[in-house]
Every structure is written in C-alpha cells, then in structure tokens.
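See structure below.
The values are calculated or read from the model by the stated rules, or taken from the named source; none is laboratory data. Just so you know, these numbers come straight off a predicted model, no measurement behind them. Here the Cβ is made from the backbone with ideal geometry for all residues, glycine too, and neighbour counts use every protein chain on show. Areas reflect the complete protein model, heavy atoms only, side chains present, ligands, DNA and RNA absent. Shrake-Rupley method; radii C 1.70, N 1.55, O 1.52, S 1.80 Å.
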Amino acid sequence: MKQSKLLIPTLRETSVDVEAVSHQLLLRAGFIRQISNGIYVYLPLAYRVIEKIKSIIREEFDHLDGIELMMPSLIPKDLWTQVEDLELYHVKDMAQREYLLGPNHGEMFMKLIQNEISSYEQLPLNLYQIQTKYRDEQQPRFGLIHSREFITSESYSFHDSDESLEQQYRAYEQAYRSILTRCGLVFKRVLGNSGTIGVDSQEFIAISEIGTETICFSDESDYAANREMATSLYTSKKSHATYLNLEKVSMPENQSIQEVAESLMIETNKMIQSRLFVADNQPILVLLRGDHEINRTKLKNYLGCRVLREGTETESQSLFGVEKAFIGPVNHSEHVAIYADLYVEDLVNSVTGANESYTYFVNVNPNRDFKPKAYADFRLVQEGDPSPDGQGTIVFKQGIEIGNIFKLGLHCSEQLGATVSTEEGQAIPIRMGCYTIGISRFLAAIVEQHSDEQGIAWPKEIAPFDLHILQIDMEDDYQLQLSQEVAETMQQAGYEVLIDDRMEEAEIKFVEADLIGCPIRITIGKKATEGIVEIKIRQTNATLEVRKEELADTLNILLTAE
C-alpha cells in the first residue's frame, strides 16, 4: 500500500485540552479525528487495527462455538427492563413510539432466544455481535477511553443448567486472557461488580496511569478487585477502656470532621460520621469511622436495592430536625434504620453528631448508646490494608476496564418468562451469561502501554502494517528499484507493507514513521547501490543493516522473537 494513496493526516501537536497520551498520539499519527465531544472518526489506520482486533476476537470465539449475528441499534423502550439510566439516548419515531440507542442488547438477545428456542436439546447456545454502542457520557474524557459512541463485542451464552453456564463462563475467562495477550496488553483480572442482576463478575483491566478504574490487589497473592468490590482483612481491635458518660459539646460554627477532631484534640479515627441515604424510598443512616470513606456499591449490594441515593437537606430536617452535618445515631428517628461499618463497633468513647445544630455527643459507645440493625463492610479499602486472604497488603494501581464477564443467571429469563422444555416436558428458565469487550478502548489502552516520546509502537499482531518502507530519495533510480523489489518480496512472503512514496524530506519520513508505529521500518537510502537496507525495530528503536538477500530471514527472526 502506497502511503501517498492513504488518508494519514498527521499533526505536529494537539490542543492543550487533549490530556491522555493515547488521545494525543492517535490524533497526531492520523488514526482518529474528533467530530464532536466524545464522537470520533476512525481513519484508515485505526480501521485496520480495529479489524485485526475483531479478527482475534472472532478466532478465539470460534473455539467456543460462538455464533456471530447483528442486532439493531434501535431498541424498543418496552424491551428495556434495566433501571432507567440518564446516560441513555432516547429517540422517537414519527408515530411517537419510543426507542433507545442501544448501550447493550441483553434483553433483545434473550427475547430472540425466547421466541426461537423451545427445547433443552438446543442448548447451550453461544451468540455474539460486534457493534457500535451509544452512551450519553456527561463528561467524555481521554479520547476513546470515555466516548459517547464506541465499538463493543457483546456475547451471551444460554444454558439449561448452572453447571453448563459455569463451564462456558470459565471458557470465556480463558478466551479473554488469550485475546488480551495476543493484543499485547498488560492486564489484571479483578473481582468486579454486576450489581443486583448477576454474580461472579470479573473485570479485565489494562494497567495505565490514565485509567479511571482503581484496582486493588495483594502484593503477595493473587487477590485482585476493583475498588468498588475490594475488601480487606478485618480484625476486631476493640479497646478495653472504661466507658465514659455521654456528654454534649457545642462548636461555634459548621466544621469538617478534621476540624472537629482538632478542636476536641482527638484523631479522626475516634469520630463517627453519619451518612443519610435513601434506598428504594426508605431512609437509612450509615455509620463510618471518621477517617474512612463510604463504598456505595457495597452498601447497595448489601441492601439489595434498585436505587440508592444520598439524602437531601430537606429529608434530614424532616427526619432529624437538623442539617445533615449534625445528624447522628444517638436518640435518632425510629423511622430510620441504622447500618454501621465493622470498624465502628470497635470504637470506644467516640464522637458523633447530636441531632442539634453545631452540637456533638462525646463518649459515644456503640451498642450502649445506639444499636445498628447490622454491622457489615461498607468502607472503601485503603492502600496498605491487609489483604482479605491474609497474604500481604493491598496495593493500588490505575487501569482501564476493557472487558467484563459475569453470570446473569435467571435475571433476564424470569423477567421475560423465557423457558425451555426438559426431556420430561417440564418448563425450566434459561440461564444466561454475559461477556463484553470494549474494542475501541483497546486502541487507547494499547497505545497507553505501547508508546514513547516518538510515537506509537504497535504489537505485531494488531499493527496497521507489518513493515513500513521508507525510500529516502524519490528521484534516485537505485533506491526506487530496490524499494519496489523489497516491497514485492515482502508482500509475497505474507507481510503487509506500507510504502512511503511521498516527495518529503527524509527527516519528516522518519518522524512520521515513528509516530505511526509499524513494528519494522525498512529504510532504503545511500547504500541501495550495494543492496543494503537499514532495519529499525520500533519496540526497541534498535537498528541494523542487512543485505537484501538476508532481509526475509532477518525479519522472520526479529518478528518471531518479539
């Protein structure tokens, strides 16, 4: 392929608001262009990479007997049974019928199975699609990492038993490992959150400083989870100090937990923070140690509620007669259930709001002065916490979520009434597994991990081209002849070749070749008369000279060794 015939509009620099390295390089190297906030054109080089990622996915899914199909992008709203999401795109036709631009198609897949599959003998069945999805991201960021339109591989498996679902789930887990490895990604498989609609969620996270996912893992074992789901080893360390009498103290103004602790000359870990939430219209009070943060995902999963939100100031006044900053569990409203984090039970003679403006209780003791409905793990883990398996401590890293698998189980089939008949003619609900991969995010994650100051360095299996041939002097007949000979020989050997045939200065060609990032650059210059070319390995930036007769063997060694 001649570079002069391709659309590769490179840039010297990007605007200052382009933060992520991957976003900068994909723009500068001519892979993508932004059309609107969070919406991008995939130019020819990006399209080639995407198609190679798709090919890898299809090859791995073939081993799972996966069958590819294509769902419509428009979903009738009455098929959407998930909790209403403000990030959905809503559209109406001319008859005012409501649709959604599909962020996923789980219900539609199950509806298809409900209509077309009637017997257990037709299961298991493994279906997938690769399609553009839509989500109205309120704050699109980092280019392809958080965009409004994105390419996803979406797979669903259907089963007549939990054992069959478990077997397919494990097969997908292994397939994902293979896909990510073949794409050159450094990743971690971590415990994820499927909320109330599934179990056994696993997320595949590409390690990257720009990632918005915080992953928590042990420095000595295989334990790993995203921060929403991460736990740590809790060991009770209750003090044996004598309980003191409950007292009230007043503060001159509204102060933070840190300021209150300083005024009382105590550490924040001696304070109890009281958080008002509303779970499915029921108010609850959640207690945490002053130095801990609430984990809303854990709280929502524990309660099993569909909607969890922070209580308002109006609700606080109605339930406690005071602003939220001063609410507390002592003499609290009987209409509000109390849930406390495990660490709260260890506190002795602690401090909490007294349900009066600018007033606090001191010497508060759990189970004497208040009794929670339950103690459970409601806190965000902290770096340095002991690992929950007792091996090592928790370490944090940032990453990009690029894949997710979990078991939907009976969630969709029970809602839609989807069943199959057993051998005895009994109707049983269909089990379902869900498996997704963010293909457009792959591009960003790969560039984040495989780039340097000069540009991108694509892993060989997904690179837009295997070889990038640069002819330095386009008016030199020896160079032209050798360039054509090398290109033809390499193409016959099965390599995909990009030939820089442009009338540009050598320095521009070198800079843009490094920016584009094909695995091997072949430079044909002054030694063309001797039949000698220069090879540059993009991953290491190492160079060597070889004779044209040795080129094929040399490339075979270099590309196999990568």
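If you go through the range 551-562 and keep only what is hydroxyl-bearing (Ser, Thr, Tyr) and surrounded by 11 or more Cβ atoms within 10 Å (Cβ to Cβ), you end up with just 554.
Each row is one residue, and each column tells you yes or no for (1) in a strand (DSSP E or B); (2) over 15 Å from residue 434 (Cα atoms); (3) of a type in the set (S, T, N, Q); (4) in contact with a strand residue (DSSP E or B) (Cβ under 6 Å, 6 or more places away or on another chain).
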{"residue": "164", "(1), (2), (3), (4)": "no, no, yes, no"}
{"residue": "169", "(1), (2), (3), (4)": "no, no, no, yes"}
{"residue": "174", "(1), (2), (3), (4)": "no, no, yes, no"}
{"residue": "217", "(1), (2), (3), (4)": "yes, yes, no, yes"}
{"residue": "220", "(1), (2), (3), (4)": "no, yes, no, no"}
{"residue": "230", "(1), (2), (3), (4)": "no, yes, no, yes"}
{"residue": "238", "(1), (2), (3), (4)": "no, yes, no, no"}
{"residue": "244", "(1), (2), (3), (4)": "no, yes, no, yes"}
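Only a single criterion out of (1) open to solvent by less than 60 Å² (accessible area, probe 1.4 Å); (2) modelled with pLDDT of 90 or more; (3) more than 23 Å from the chain's Cα centre (by Cα) is not satisfied by residue 62, namely (1). The set of residues from the range 300-339 being of a type in the set (Gly, Ala, Ser) and free of Cβ contacts under 8 Å to residues at least 60 places away in the same chain comprises 311, 316, 318, 321, 328, 333, 337. Looking across the range 409-457, the residues that are part of a helix (DSSP H, G or I), open to solvent by 10 Å² or more (accessible area, probe 1.4 Å) and either in contact with a helix residue (DSSP H, G or I) (Cβ under 6 Å, 6 or more places away or on another chain) or under 18 Å from residue 162 (Cβ atoms) (or both) come down to 411, 414, 416, 448. Only one of the numbered conditions (1) part of a strand (DSSP E or B); (2) touching a Phe, Trp or Tyr at 6+ places or on another chain (Cβ under 9 Å) is violated by residue 130, and that is (2).
From the list 526, 460, 548, pick out the single residue that is under 26 Å from residue 440 (Cβ atoms), open to solvent by 60 Å² or more (accessible area, probe 1.4 Å) and not acidic (Asp, Glu). Unique residue meeting the criteria: 460.
Here residue 190 clears all of (1) of a type outside the set (Phe, Trp, Tyr); (2) surrounded by 22 or more Cβ atoms within 10 Å (Cβ to Cβ); (3) outside any strand (DSSP E or B) except the condition numbered (3). Do we have any residue at all in the range 158-175 that's among the acidic types (Asp, Glu), open to solvent by less than 20 Å² (accessible area, probe 1.4 Å) and in contact (Cβ under 8 Å) with a residue 40 or more places away in the chain? No: zero hits. Against the conditions (1) aliphatic (A, V, I, L, M); (2) at pLDDT 95 or above; (3) open to solvent by 60 Å² or more (accessible area, probe 1.4 Å), residue 25 satisfies every one except (3). Taking the residues in the range 280-307 that are assigned to a helix (DSSP H, G or I) and of a type in the set (Lys, Arg) as candidates, determine which candidate is least open to solvent (accessible area, probe 1.4 Å). The qualifying residue least open to solvent (accessible area, probe 1.4 Å) is 298. Where strands (runs of 3 or more DSSP E) fall entirely within the range 308-391, those with at least 3 residues that are crowded, with 17+ Cβ neighbours inside 10 Å are at 337-341, 350-353, 359-364. For the range 98-105, the criterion of a residue being among the aromatic types (Phe, Trp, Tyr), under 23 Å from residue 197 (Cβ atoms), part of a strand (DSSP E or B) and at pLDDT 90 or above is satisfied by at least one position.
Scanning the range 37-47 finds one or more residues that are open to solvent by 20 Å² or more (accessible area, probe 1.4 Å), assigned to a helix (DSSP H, G or I) and under 30 Å from residue 67 (Cβ atoms).
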